[in-house]
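J.: Have a look at this one.
Every number in this text was worked out from the coordinates using simple rules, so none of it is lab data. A quick note: this is a predicted structure, and the numbers were derived from the prediction, not measured. So basically every Cβ, Gly included, is an ideal-geometry build from the backbone, and we count neighbours across all protein chains shown.
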Amino acid sequence: MTRTGESTLVVRALNKHYGAFHAVRGVNFDIREGELYTLLGPSGCGKSTTLRCVAGLEHIDGGDIAIAGTVVDSSAPPVFMPPNKRDIGMVFQNYGIWPHMSVFDNVAFPITVWRSKVSRREVVRRTEEALAAVKLDHLSGRRGTELSGGQQQRVALARALVARPKLLLLDEPLSNLDATLRESMRMELRRLQKNVGITTLFVTHDQTEALSMSDRVAVMREGVIIQEDAPQEIYSKPSDLYVAGFLGRVNCFAAKVNTVHRDYVSVQVGSGTLHARSQRAMHEGARVVLAVRPEKMSLRQGESSAVNSLPGVVAEVSFIGEAVDYRLLVDGTSVIVRENARVIFPVGTSVRIEFDVDDGLLYEDEVAAAKVSQVSAVDPADGKLETPRTTDTPTTTPMRNQQFSLRKTATIGQST
């Protein structure tokens, strides 16, 4: 077989069509040994299709895929290695636990079918190791129907690991769990992945899963990776407004560039002036969008000496335990601020909204308008047009501004 470089998984110029629909468009990425790499995006963005191509469950229409240095799929010259030869383990959304088998037999199944290669003693040893790794060795005699959702998820994970594959593929494995169990399983899955040291491709639409579990995150949209980086970098420095909104809520202000300084840009928002960093060159007079995440803002009563300060009135208060979400009115526009719960400002309180220069993100107006628009997508399972779920795609609210007629968003993104 053709050999490639050092990365456990290499994907180059991957393309996949379903009829006239171009599901994956020239996708490129590498996953280093021991890394957990996440494809994040809304329904229909191509993330699961990409994973299925890596698994050999879909035939690619262009590009190359190599696992552990071996080309397993290529359009030129034509190469296709079947899934059972790719040295992968996979966990699906529905886990696929056989109800007539015990936990032990479910986990042992991948290596029991290799009886000519693996002795019975080795099967027992590996299965017991895998069950101990997921803390289910005490339930090895139970049947699949006698397990909770979280236990079934761990059985599926143990079964994927028992054959000691080079690459682990996880297709939204936590999506069927309730919120509390999902949170605990996020930590458990990450701990196990690090302890075992297995290279992992993880697919999810949940930004919390992606940010909390990954070494690197790639945000996909319409079959393309639009940004790839470490979780902290991609959250704090999104390349555009779409990525910013998909990774969490963000307040957006229509603005106009007043002055371009060496280290920051001054913009006019309504009758006031605010200051922010810019990742790209700006020119004076340009119409832009200033984006600030709710948790990067703070509230105070009275005069403010902050560099960035806006007057607002508390319109709604939502206590969520460790924090308080405020909806404030600023020049008739809604702004969301997340503050700690030590002091709660009642509805009707006049406050100042403050944020640091480094916490403001500037985007060109024309680019922002394209990035927040919702699109329809084809679900490959049935070929029908599907509108992305609102939990997957940034939500938009019209922006009203007293000085500019830009139609932008006040707050976009997921609730956190």
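J.: Any idea what % of Cα-Cα pairs in the stretch 234-352 are farther than 18 Å?
T.: Working: 3860 of 7021 pairs.
Counting pairs separated by more than 18 Å, the tail of P(r) holds 55 percent.
J.: Could I have the simple spin-label model distance between Gln301 and Phe21, label points 7 Å from Cα toward Cβ, reported in nm to one decimal?
T.: With each label point 7 Å from Cα toward Cβ, the separation is 5.5 nm.
J.: Measure nothing but the geometry: give the 0 to 90° angle between the long axis through the Cα atoms of 103-112 and the longest principal axis through the Cα atoms of the chain, rounded to 10°.
T.: 70
J.: Just need the relative contact order of the stretch 9-236 here, percent rounded to a whole number, with Cα pairs under 8 Å and 6+ apart.
T.: On the way: 447 pairs, mean separation 65.9, N = 228.
About 29 percent, as a whole number.
J.: Test of understanding: in a Gaussian network model of the chain with alpha carbons linked when under 10 Å, which of Asp137, Asp215, Asp263 would top the mean-square fluctuation ranking?
T.: Asp263
J.: Another question, if that's okay. Kindly provide log₁₀ I(q)/I(0) values, in the same order as q = 0.11, 0.15, 0.21, 0.22 Å⁻¹, from the Debye equation applied to equal alpha-carbon scatterers of the stretch 142-263.
T.: -0.49, -0.80, -1.28, -1.36
J.: Net charge near Asn308, counting Lys/Arg +1 and Asp/Glu -1 over other residues with Cβ under 12 Å of its Cβ?
T.: Numbers: positive: Arg277, Lys296, Arg352; negative: Glu354, Asp356, Asp358, Asp359.
Here the charged neighbours net out to -1.
J.: Follow-up question, since we're still on this one. Show me, bin by bin at 5 Å from 0, the whole-percent P(r) of the stretch 1-104 based on Cα pairs.
T.: Cα pair-distance distribution for the stretch 1-104, in percent: 2, 11, 21, 24, 18, 11, 7, 4, 1.
J.: 222 nm [θ] for the chain, helices only, -39500 (n - 2.57) per DSSP H run of 4+, per residue, to 500? Kindly include the intermediate steps, with their values, before the conclusion.
T.: Values: 9 runs with 90 residues, N = 416.
Value at 222 nm, helices only: -6500 deg cm²/dmol.
J.: Could you state the angle between the C-alpha long axis of helix 120-133 and the longest principal axis of the C-alpha atoms of the chain, as a value from 0 to 90 degrees rounded to the nearest 10?
T.: 20
J.: Run the numbers for Arg262 and Glu128: contour at 0.36 nm per residue of separation, minus the present Cα-Cα distance, in nm. Present the calculation step by step, with values, prior to reporting the outcome.
T.: Details: separation 134, 0.36 × 134 = 48.24 nm, distance 6.13 nm.
Between Arg262 and Glu128, full extension yields an extra 42.1 nm.
J.: Same structure, new question: What aspartates and glutamates sit close enough to Lys296 to cross-link, taking a C-alpha to C-alpha distance under 13 Å and skipping anything fewer than 8 places away on the same chain?
T.: Asp325, Glu339, Glu354, Asp356, Asp358, Asp359
J.: Can you pull the one-decimal nm distance between simple spin-label points at Ala179 and Asp105, each 7 Å off the Cα toward Cβ?
T.: 3.9
J.: Along each principal axis of its Cα atoms, how long is the chain end to end? Whole angstroms, biggest number first, please.
T.: That works out to 78, 50, 40 Å along the principal axes.
J.: Cut-off 10 angstrom, C-alpha nodes, Gaussian network model of the chain. Which of Arg287, Arg190, Arg120 fluctuates the most?
T.: So, out of Arg287, Arg190, Arg120, the one fluctuating most is Arg120.
J.: Let me ask another. Over the stretch 9-236, what number does the Rg to Rh ratio reach, with both radii from the alpha-carbon atoms and Rh per Kirkwood? Numbers along the way, then the final one.
T.: Numbers: Rg = 17.5 Å, Rh = 18.1 Å.
With Rg and the Kirkwood Rh in hand, the quotient comes to 0.97.
J.: Could I ask something else about it? For Arg120 and Ala341 in the same chain, what is the full-extension length gain: residue separation times 0.36 nm, less their Cα-Cα distance, in nm? Walk me through the numbers on the way to the answer.
T.: Values: separation 221, 0.36 × 221 = 79.56 nm, distance 5.82 nm.
Residue separation times 0.36 nm, minus the Cα-Cα distance, leaves 73.7 nm.
J.: Using 0.36 nm times the number of residues separating Gln279 and Gln93, minus their current alpha carbon distance, what extension gain do you get?
T.: 63.2 nm
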